[in-house]
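Here is the structure we will look at.
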Amino acid sequence: MSWVGLIPLLPLLAALAIGLRMVTGSGRGEAGETATARIGVWAALGALLLLLLLDGVALVSGAPGTVTLGTWFESGAFTIPVGFTLDGLSLPVATLVALIAFLAQRFSVNYLHREPGFHRFFFGMSLFTGGMLLIVLSGNAVLAFAGWELAGVSSWMLIGYAYERPTATGNALRAFVTNRIGDAGFLFGIVLALLWLGSVEWGAMAERAPELGTLSAGVLALGFVIAALAKSAQVPFAPWVARALEGPTPSSAIFYGALMIHAGVYLLIRLQPVLEQSPAVMGLIAAVGLLTALYGWLSGLVQTDVKSSLMFATTTQVGLMVLACGLGWFTLAAWYLGLHAAWRAYQFLLSPSYLELTGAAPAVNPPSRSRGLYTAALQRFWLEAFTDWLLVRPTRALASDVNSFDQRVVSRLVGLPEGSAPGTTEVVRGHGAAGRLLQWSAGWLNAFERHLVFHGGGKLSRLLQRLGGYLLTVESLLERPVYLLLLIMATFAVIL
Amino acid sequence: MTAHAATQPVGDIRDRLRALVAHLEHVLPGQAPIRDFVHHNTLHGLQHLPFREALTEARRLTGARGYLPDETFRELYRRGRVTRADLEAAIAEQPDLDGDAELMAAGDGLVRRRDVIIAGLLHPFRPVTACQLNWQIEEQNALAACQPDLPPESRERLLAAARAHGVEDEAAAVRELWAACLETLGLTHASIHPEELIDLSPEEEAAMAAAPEEDEAAGEARSRVDRLVRKEAARLFESHFDRVGEELTLRGLLLALTGEDLMEELLPPLVRQLSAHLDQGLAGWHNPRRDQGFYAAWRASAHRDYAWLFRDRPEWRLQLERLPEDPAELIAQELRLLGLPEARWEGYLERLALELPGWSGMFLWRHNHPRYDGHDTPVEMVEYLAVRLVMERMFAQRICRHHWRIEASLPMLRWYFRRHPAELSVRHFLFNARLPEYLTTHAQRLVDESQHETAELMDEAWRPAAHLIWVWRQSPAADRPIGRSVFRSAWPLFRLAQHLGLCGAELRAAGPEGAAALLDSLDHLTEERAGWTWLSAYERHYRERIFTALIANHGRGPWAERRPLPEAQLVFCMDDREEGMRRHLEEINPALETLGAAGFFNIPMNWRGLDDDKALGLCPVVVTPVHEVRELPAEESDPAWRQHRERRDHRLRWRELLFRGTRRGMLPAAVLTAAAGVAAPLLLAGKVLLPGRFTAWADTLRRDFEGSVPTRLTLTADAEQAPPTPQRPQLGFTDDEQAERVGGFLRAIGLTDGFAPLVVMMGHGSHSQNNPHASAYSCGACSGRHGGPNARVFAAMANRPEVRERLAARGIVIPDSTRFVGATHDTCDDRVDWYDEAALPEPFRPALEKLSAELLEAGRRHARERSRRFASAPLKLPEPQAWRHVAARAADFSQARPELGHATNATAFIGRRSMSRGAFFDRRAFLISYDPTRDPDGSVLEATLLSAGPVGAGISLEYYFSSVDNDGYGCGTKVLHNVTGLLGVMEGAGSDLRTGLPRQMIEIHEPMRLLVVVEAATETLTRIYERQPPLQELVGNGWIRLAAKAPDAPRIHLFEPGQGWVLWQGGADGLPQVEHSADWFDGHRDALPPALIASAARTEGAG
C-alpha cells in the first residue's frame, strides 16, 4: 500500500517539473505549452487512476483504513507519522477531487492557449491538486496542514494571475491574509491535540476525544473550526472569496466553486468525534452556517455578474453544509459536499455561456421591498468594512507605531544616525534593526574591500560587491509584507 | 471639447449638459449590449476627421495607440511583410518628410533624409540614462565593437570608410566614431554615478547652483537654490492645476500629488450600483427605486449605506442628506464646490466619463436607446455623471484630509500648495518623474511622515529634500530635457551613424551642422509619423500583390457572360470567410457560378423562428425593419407540433431551473444542486474529453426528444393595409414588395438573365460553445445573427408565380426551369443545411443532390484550408481529420477560438466574380457581385457602395483598432471575462466594462485599412463619390482605400485622397500558378500572397 503516497505526490512532482522548466527557460512561451500541459494533465490523471484502483480494492476487500508509510519525526512522547486515512469518507472525496482537477486542467489546455501565464497557471493547478489530495487523504492533522498551506499558496498565485492589474494582486493578498487567520487556528488545534491527546492522527484523536472534558474538547475543536470557517469562507471570513474571482475561469471553478471552498467542511466532517464532545462548538458551527447561508442568499440575489452570483450561491450552499455539521448531520453534509462540488464545477466552467443558457429573465419576487435591506445586501452587509475596522486598521496603526519606535528609539540607542541625513562613508543604507545590522556589516565589508582594492585583485572586490547587492535585495524583499508572511510560514514549517 | 468651453462659457446648466451628452457620443465607445454586438468603426465618433488626424485625436483623448507598435512592424519587416521599397514609397508619399533632402556627404555618396528615416524605423535609437550608457560601455563593449543589431552591409561600409581614413581595426573605428559624435555635438562624457551626488560638498553644490558666478559664497548659493526651487514650484503648480478640466480630474490631480488612485476604492461600490441599474436580467433583486432613475436609486441606497461608520467618515452622512433632488442641480453644485471655473465644466465631465469608458459608453448607449429590448428602467446620462461627481469628491476627501487636513476642492489645494512650494516640488518629482532610488526612498518617507506631523514642522523637512532633488536634476546624470546631451543626442547619433555606415572622419567632415541635420531628421520621426509611415508601407506591400493578381487574372475568370448556362448559381454572403468556400466549390465543379452580396439578401425583416419567443431584426443595424416574417408549423393541428412545443418548454424550464435555480435561493437550490450533482461529473467528463462526439450525441438526443416539425412561413401580406411602421410591423410582404425586394437584389448582383436551373441563396452563421462574443462571429449584415432565414425567405419569394409575373413585367424573366433554394453555411464547422428541400419538385432533385455532394466536398477542403491557421491542428491535416477538427472546435466548450472570425479580412472586390475567380486570395476578400455592363448610369453601384461600404469598413476598422491596441480598444483576454448584467464582460468581479474584440479574435489579424477594388470606370465612381457624403467621409478621409479596376482592360487606378485617381504602374509578372488551392497553401501557417489557380479559371463546357 506504500504507493498510496504517490497519489498526492504525482501532482506535486508535476508542479516541481513545471516550475523547474519555467526557471530553466525550457518551458516558456507557446512552444513549451504542450509539454507543460501534458505534465499537469497526466499527473492529475495518474492520481485519478490510482485512486480508482484504490476504490476498486476498497469495494472488493473493504476500505484499507489507516496506512502508515513511515515516521515524519519523533520527539519524546510525540511521533508524527506520514500516514493516510483511506476510509469511506476520504476515498470518494479524493476521487472526486482528482476527477475535477483532471478535467479542469484538460479544459484549460485549450482555454489558456497563448496566455502569457500558461505555465504559471498549470504550476498553480498542479500544486493545488497535490495540496487538496493531501488534505483529503492525510492520516493526521500535520500532513493535512501541509496540504492546507499548498492549497492556500496556489490559490493566492492564481487570484493574482493577471498581476499587471492592481485589483487582482490586491485581492489575492487579501484572500491570502484572511486565510492566515484560519491557519493560525489550525496550528493552535494541532498544538493542543499534541499536548492533550498526545497524537495528531485522526483515528487516535477520535478515540481519545471522549477522555477530554467538554471545555477542553471545545477549545481544541475551536482552533480547527476557525481554520475550517476561514477556508470555507463562512461569516465573518466570507468576503475574501468574493474577491477571489480575478483569476482565469477554470481556476475560479475548481478553487472557489468546486474544491477548495469545501476543504473546511471536509475538515469538520473529519473531526466529527471531537466536535461532538462539545455542544457549544456545535452550536457555534450551526449558527455560523445559518448566518452564512442567509448572507450568501441575500447578497447573491443582488449580484449582477455571473461569477459573483455563482460565488454567493456557493457560499450559501457551503453555509448549509456547515449548518448540517453543526446539527450533527455529518453524513448528509458529506454527501451534499460531493454533489455540490461536481455541479458547481460544471456551472462555473460554463459561466461564459450564460447569455445563451438563460434566456429572458422571468420576474423574481424580491425577498423584500425594503431599501435598507437591499442596500445591506448590495454592500454585502458591510462585512468587509467591519472586519477592516476591527482588525486591519488597528494592525496598521500598530505597525506604524512600531516603525517609528524603531526609527526614533532603537536607532538612537544603537547609535545610528536617525532619518536619512546622508552620511559620508555609507555604502548601503537599510531601515529597521535588521537593516542597521546589514548596514554595519556592509560598512565593515567596505573597509575590507577598499583594502583589497588597494592591494590589487579587482575580481574579489567585484564579487563582494555583488554579494552586498544580493543581501540588499534580500533585505528589501523581507521588508515587504508578502515575504514576511512567507518567512513566517517557513518558520512554522521548520518548527513543525 | 475646448470649442465648447470657448463658445459657451456660461449658460443654463441643463442646456449645457444636454449638449455635452450629445457630444459624448463622439468620444465614448458606441458598443451595444453584447447580445447585439455588431462590428462598427471603433472611432465612429471621429469619422468626420481624416483617418490620421482621428487617430491623433483619439490618442490625445483616450491614450490608446493608433498604430501597431514599432517592434511589431519591425518583426513584420524581418518576415518580409514590409520591404525597404515599401518604406521608400511610403516616405515618398509624404512631402513633409522631405525624403530626398541631402543631409551630408559620406565618402563618394550622400546621406539623404530618407536613409535616416528608414534607419530610424528599422532600429530604435532611443536615448539612454546614465546608468544604461555605463552598462552599454562596460558590459556590452559598445565602444569596442559595432552595435549588435548592425546589418552586415552597414558594418562593411563603416569599416571600409574607416580604413579609407587610416583606421584599421573595428575597436578603433568605433571609438573614433564615438569621439566624433561627442565632438561634433560639443559634448564631453564623464561617467558619473547618481549616488555620488548625495554627498556634494558645499563647494560643488555652489558650483552647480551658480555656475556663472563662481565666487559666491556657499550660503548664498543655498538661498539661491531655494529661490530656484520656488520658481520651479510655481511653474509646476500652474501646470498641474491648469490641466484640471482639460486633461485631468480631481482623481488625476490627487494621483499626481500623492500616488494614490482613488479609483481603486471607488470602483467596487460604483460598479455594483451601475451594473445593478443597467442589469438586463441576471440579478434577482433590484433597487426598489430603480424605476425612478439611477440618481434616485443610488441616493436611496447611499442614505442607507453604513460604510461611513466603518471608514470613519461621519461627514458622508451629512453630505448625503444635503444632496439636491435634481441631478443637474447637483452637478452644478458639485462643480462649484470643486471650485472649477465654469468654462471648464464640460471638459471636466468629459474627462470624468472617459475614466471609465466602458461603463460610460454603455450608460450612454442605453440613454440613447430607451426601452431597449423591453427594459423600462430609465437611463439618463446626466444622472450617471452626477453620481460619478459626488462619489469622486467623497473619496477624494479622505485623501485630502489624510495628507493635508483640508477639504477636497481646487481652491483649498491651491491655497495649500502656494504656501508649501517645496512639498509640491518633492511630490511632483516623486510621483511624476523618475528619481534615483536614494531620492525616491527619502521622498517617500517624507510623504509617509507628513501624515502624522504638522505642515509647519514638515516644511523643515521638505525644503532640504526639494533642494537635493533640484541639485540632482542639475547634474549630468539627470539629463535635463533641453539642448543636446550625451545620453539623448550623442548616443542615438552614435548608433545612427553606425547604421548609416558612417565613420568618425566622415562625421567630423560634416561638422556640427551635419550632425544636427541627422539628429533633427531622427527627431522629426515622431511616434505618430513612424506609425503612419509603417502603416502606409505595410498596406502598400499587400496592395501591390493584390493588384498584381487582379491584373494577372484579367480575362481568365469565367462567367463574365453566361453562355452557356452555368450548372447552378450560388449566392453567398459577401463575408471574407466565404471566399475560401467559393473557391473550393469552383475548383470542384468549374461549371458552377458563385455570387456574393450582403447576407440579408435585401430582405430586412424581423424574424420569429418556430421556437423563438420574440422577433429579432435580421438586417444591417442601420436599417429598422418594418416587416415581420414568422415561421409556423405547417399544420397547427399536427400532434407532432404539440409534442414538440410541450417537450421543448419542459426542457427549457428544467434548464432554467437548474442553471438559475441553483444560483438563487437556499433549500430548493440545495435540492436541485444535489439532483444535478449526480449527473454533473459524467456531463463534465463527456464535454471535456470527447467534445465533438458528446455534443453530437446530446444534439441527437435533443432532436429525438423534441422531434422536428415541418414549417411554413408567413410570407405574404394583403396589399390593402396601412403602410407599416417599425412600431407596428407588417406580417409578411405584399406581392409588390416581394417583387421589388427580389428584383432589386437580382439587379444589384447582376443576375437578371442567364438563370441556371438551381439558384441557391446561401445565408451563413456560426455556432460555438461558451462564447459571450458569439454574435461577433455570425453574419455582420444580419446584426450578428444567422442569415439563413433571409436566404429561405428570399428563395420562397422568388419561387412564387405572382412575384415572377411582376418581375417579368420589369424585365427580369425567370424561366420556369429555374428554382430558388435557401441554405445556410456554418462558418465554424463548414456544414451546409438546406431549407424546404422537401418542397423542391422532382425534376430538380438530382441537381440538388449533386450540388449537395459538391458543397460537402468544398466544405471538407475549406476545413483543411482553415486548419492551417489553427495552432492546435497539425500542419498537414488530411481532409477527413480537418473536417472533424473544425466540427470538434465548434462543439468544444473549452475552446476560446472556435473559429477565427473575420481575422483575415483585408480587401473587398466589388465586381463580377470573373475579376477574382481563378486566383487564391487566402480568405481575405469580401466578394460583392456587381456587373458594370448592366449598370450604365452607376445607380446600382451607388446603392451597393452605400450598403456594403459601411459594413465592410465597420468590420475592418473594428479589427484594426482592437489589433493595434488591444488594451485600449479591445477587451483583453477571454480567460478573465465575466459576463455582467447580460450586457457585456468585465475582467474579474469589478472592473470597467470591456468593449471591442477579445485578444483571441485578433491574434492573427494584419491590421490595415480595407482595400476596396471596384470593377467600374473611374468616371462612374467619381460621379458617385461627388453625390454621396457618406462615401466622401469613408473614402475621402481615408478610412478605407478605394481602387477602380477597368471592366474591359487590365488597368487599375488607386484613389488618393486629395489627389484623385492615380494609375497603378505595376505589372502582372511573377505570379505563381498552381492547379489547386491546396498546392499553394499546403504546409504554410501564415498569411499567403495571391497565386493563380488553374482549376478554378476553367469553364467546363463553356469552351
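Computed from Cα atoms, the angle from the helix B:691-706 axis to the main principal axis of chain B rounds to 50 degrees. Pairs from the list B:LYS850/B:LYS1045; A:LYS307/B:LYS876; B:LYS687/B:LYS974 with a Cα-Cα gap above 31 Å: B:LYS850/B:LYS1045; A:LYS307/B:LYS876. Positive-end ranking of A:VAL60, A:GLY40, B:GLY744 along the dipole of the protein assembly as shown, with charges on Cβ about the Cα centre, is headed by A:VAL60. By the beta carbon rule, with partners counted only under 4.7 Å, chain B holds these lone Cys residues: B:CYS131, B:CYS146, B:CYS181, B:CYS400, B:CYS503, B:CYS573, B:CYS619, B:CYS828, B:CYS971. Protection proxy ranking for A:41-50, B:889-898, B:918-927, using the average of other Cβ atoms within 10 Å per residue and placing the highest first: B:918-927, B:889-898, A:41-50. With the convex hull drawn over the C-alpha atoms of the stretch B:921-1061, the volume per residue is 140 Å³. Taking amide H as placed 1.01 Å from N in the peptide plane, the amide H of B:HIS627 sits under 5 Å from that of B:ASN606, B:GLN730, each at least 5 places away or on another chain.
What the Cα atoms of the stretch B:629-786 give is an Rg and a Dmax of 22.2, 69 Å. Listed by chain and number, the aspartates and glutamates placed with their C-alpha closer than 12 angstrom to that of A:LYS231 are A:GLU149, A:ASP183; residues fewer than eight positions away on the same chain are left out. For GluC sites (Glu not before Pro), the sites in the stretch B:254-357 that DSSP calls loop and that have at most 12 other Cβ atoms within 10 Å are B:GLU325.
Distance from the C-alpha centroid of the stretch B:121-147 to that of the stretch A:84-158: 47 Å, rounded to the whole angstrom. The Cα trace of the stretch A:144-280 gives Rg and Dmax of 16.1, 54 Å, the first to one decimal, the second as a whole number.
Run through the DSSP bridge list for the stretch B:557-624 and note the antiparallel percent, rounded to the nearest 5.
Of those bridges, close to 35 percent are antiparallel.
Placing +1 on each Lys and Arg Cβ and -1 on each Asp and Glu Cβ, with no other charges, gives chain B a dipole about its Cα centre of roughly 2760 debye.
For the protein assembly as shown, the extents of the C-alpha atoms along the principal axes are 108, 96, 71 Å, listed from largest to smallest. Partner shielding of A:373-385 amounts to 5, given as the average count of beta-carbon atoms from other chains within 10 Å of each residue beta-carbon.
Taking the Cα centre of the protein assembly as shown as origin and assigning +1 to Lys and Arg Cβ atoms and -1 to Asp and Glu Cβ atoms, the resulting dipole is close to 2980 debye. Computed 3J(HN,Hα) for the stretch B:591-601, one whole-Hz value per residue from the Karplus formula 6.51 cos²θ - 1.76 cosθ + 1.60 where θ = phi - 60°, is 7, 9, 10, 10, 10, x, 7, 3, x, 9, 6, glycine and proline marked x.
Whole angstrom only: what separates the Cα centroid of the stretch B:563-600 from the Cα centroid of the stretch B:392-407? Centre-to-centre distance over Cα atoms comes out at 67 Å. Choose one of B:TYR959, B:ALA679, B:GLY281: the residue whose Cα lies farthest towards the positive end of the charge dipole of the protein assembly as shown (beta-carbon charges +1 Lys, Arg; -1 Asp, Glu; about the Cα centre). Farthest towards the positive end: B:ALA679. Computed from phi, the 3J(HN,Hα) profile of the stretch B:248-265 under the Karplus parametrisation 6.51, -1.76, 1.60 (θ = phi - 60°) reads 10, 10, 4, 4, x, 5, 5, 5, 6, 9, 10, x, 9, 9, 5, 4, 4, 7 Hz, with x in place of Gly and Pro. For B:LEU1010, the residues whose modelled amide H falls within less than 5 Å of its own, excluding neighbours fewer than 5 places apart on the same chain, are B:ARG1041.
Applying the Karplus relation 6.51 cos²θ - 1.76 cosθ + 1.60 with θ = phi - 60° to the stretch B:940-952 yields 3J(HN,Hα) values of 5, 4, 4, 5, 5, 4, 5, 8, 7, x, x, 5, x Hz, where x marks Gly and Pro. Quick one: of the DSSP bridges fully inside the protein assembly as shown, what percent are antiparallel, nearest 5? Among the beta bridges of the protein assembly as shown, antiparallel pairing accounts for roughly 50 percent.
Summary value for the stretch B:123-177: 37 percent relative contact order, contacts being C-alpha pairs under 8 angstrom separated by 6+ residues. Helix B:51-62 axis versus longest C-alpha principal axis of chain B: approximately 60°, rounded to the nearest ten.
The orientation-averaged shadow of the Cα convex hull for the stretch A:202-343, equal to a quarter of the hull surface, comes to 7.9 nm². Over 56 Å, how big is the tail of the calculated P(r) for chain B, in percent of all Cα pairs? Pairs farther apart than 56 Å: 28 percent. Averaged over residues, the count of other Cβ atoms within 10 Å places the peptides B:483-489, B:494-500, B:90-96 in the sequence B:494-500, B:483-489, B:90-96, highest first. For B:ALA1091, the amide hydrogen comes within under 5 Å of the amide hydrogens of B:PHE920, counting only partners 5 or more places away or on other chains and with H modelled in the peptide plane. The ellipsoid equivalent to the alpha-carbon distribution of the stretch B:1009-1097 has semi-axes of 31, 16, 11 angstrom, derived from the gyration tensor eigenvalues as √(5λ) and listed largest first. How many angstrom lie between the Cα centre of the stretch B:35-105 and the Cα centre of the stretch B:926-983? Using only Cα atoms, the two centres lie 19 Å from each other.
When the Cα positions of A:VAL4, B:SER852, A:ALA253 are compared along the charge dipole of the protein assembly as shown, A:VAL4 comes out farthest toward the positive end, with charges on each C-beta of Lys, Arg, Asp and Glu.
Semi-axes of the equivalent ellipsoid for the stretch A:156-197, computed as √(5λ) from the eigenvalues of its C-alpha gyration tensor and ordered from largest down, come to 33, 8, 4 Å. Only helices enter the 222 nm calculation for chain B: every DSSP H run of n ≥ 4 contributes -39,500 (n - 2.57), and dividing by all residues gives -15500 deg cm²/dmol, rounded to 500.
Expressed as a fraction of 2.2 N^0.38 Å, the C-alpha radius of gyration for the stretch B:891-997 is 1.45. Across peptide B:268-279, the mean count of Cβ atoms from other chains lying within 10 Å of each residue's own Cβ comes to 3. If the Kirkwood radius is taken over C-alpha pairs of the stretch A:93-218, then at 20 °C and 1.002 mPa s the Stokes-Einstein diffusion coefficient equals 130 µm²/s.
Tell me the angle of helix B:437-450 to the major Cα principal axis of chain B, expressed in degrees between 0 and 90 and rounded to the nearest ten. Approximately 90 degrees, to the nearest ten.
Each value in this text was obtained by applying a stated rule to the coordinates, not by laboratory testing. Note that the coordinates shown come from a computational prediction; the quantities given were computed from them, not determined experimentally. Glycine also receives a Cβ, built like all others from the backbone with ideal geometry; neighbour counts cover every protein chain displayed.
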